[in-house]
Amino acid sequence: MKIKALLAGLAMSMVLPAANALAQDEIVVYSARNEHLIKPIFEKYTEKTGVKVKYITDDAGVLLEKLKAEGTRTPADIYLTVDAGNLWQAAESGVLQSLESEELNTNVPANLRDPENRWFGLSVRARTIVYNTNADVADKLESYEGLADENWKGRLVLRTSKKVYNQSLVASLIASHGEEKAETIVEGWVSNLATAPFSNDTKALEAVAAGIGDATIVNTYYLGRLMKQKPELPLAIFWPNQKTDGVHMNVSGAGLTAHAKNKGEAIKLLEWLSGPEAQVDFAGLNMEYPVNDSVALEPLVQSWGSFKGNPLNISVYGELQTDAIKLMDRAQYK
């Protein structure tokens, strides 16, 4: 009996290290970024390193609640999502942990990452003005604030205020101007609407192309997607606020979960995602801007020209998100 117990113990001691080694070769990612944008990148990482990346995709809010509910039992090592407001909420909810990485700090500009290093931007999306080239308005465009002027009455198209992208934009207005002036600007937008707000950026762009309105505010990659399908549409980008604080910048990004089981490998993956090799695809597949400025732009993105981005630390979008939502409600921005 003693010999059998000894042999069983030896067998178990051999199995456990093997199981632990296997676990170390897999990283689990909860991703609000669509599968077709992450699958080829993770496959490339596995091919390069031998480390498997298992991912679960869903809406940002659903995944955040899942992380909260799972607590210490979560299998997730990385939380990947879109918009700094969502990243800030995750960090403030306690589901992300701070990490130290010289490589991430070098690759990701300070204003595009959490001041406490709980999350890092991995691609940049500019939310800018797009106008109808047949409307003869290019010389009348200047800024986000300018779209509130009376001469834009009945000419502005917007996406709904329910989307976090517009909540972050309004949060940036509060940060730049204070709440009172920001509310006046949003009230001006609402007063100038050509039609009720649309459910997404693509529909807003199509409305402008159809002449329903003359200009809209969208993330640039929506324009890129649409123009690849319909290059004949009379749409063009205008970079606003070039004489003041610059174009509104946002990110998709990721952080290390608070209870990551494979912390070391997860940090290595985050570092690789911020590096030149991965950035080409991480940004290019969605026609976004790389967060790492050493990386060449996707050709269509490059054709839009250069611009000055707002240097504001984007964590403020989360800090002021509740204020922004209340402000839009008061301004009757639906």
| message | For the stretch 254-276, check the following and say yes or no: at least one residue is assigned to a loop (DSSP other than H, G, I, E, B), buried (at least 24 other Cβ atoms within 10 Å of the Cβ) and touching a residue at least 60 places away in the same chain (Cβ under 8 Å). | response | yes
| query | Any residue in the stretch 31-41 that is surrounded by 22 or more Cβ atoms within 10 Å (Cβ to Cβ), in a strand (DSSP E or B) and outside the structural domain of M227 (by TED's automatic domain parsing)? | reply | yes
| remark: Scanning the stretch 120-137 for residues that are closer than 24 Å to V218 by Cβ and surrounded by 19 or more Cβ atoms within 10 Å (Cβ to Cβ) gives G121, L122, S123, V124, R125, A126, R127, T128, I129, V130, Y131, N132
| task | Identify the residue in the stretch 304-334 that is outside any helix (DSSP H, G or I) and charged (D, E, K, R) and, among all such residues, is nearest to G188 (Cα to Cα). | result | K334
| request: Scan the stretch 277-329 for residues that are in the same structural domain as Y165 (by TED's automatic domain parsing) and among the basic types (K, R) and report the count. | output: 1
| note | Of the residues in the stretch 225-239, those that are under 19 Å from N134 (Cα atoms) and touching a residue at least 24 places away in the same chain (Cβ under 8 Å) come to L226, M227, L233, P234, L235, A236, I237, F238, W239
| request: Quick one: which residue in V251, V280, V301 is closer than 24 Å to L80 by Cβ, in contact with a strand residue (DSSP E or B) (Cβ under 8 Å, 6 or more places away or on another chain), free of Cβ contacts under 8 Å to residues at least 60 places away in the same chain and not in a loop (DSSP other than H, G, I, E, B)? | output: V280
| field | Any chance A32 is more than 22 Å from V164 (Cα to Cα), modelled with pLDDT of 95 or more and small (G, A, S) | value | no
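The values are calculated or read from the model by the stated rules, or taken from the named source; none is laboratory data. These numbers come from a predicted model, not from an experiment. Every residue, glycine as well, gets a Cβ built from its backbone with ideal geometry; the counts of neighbours run over all protein chains shown.
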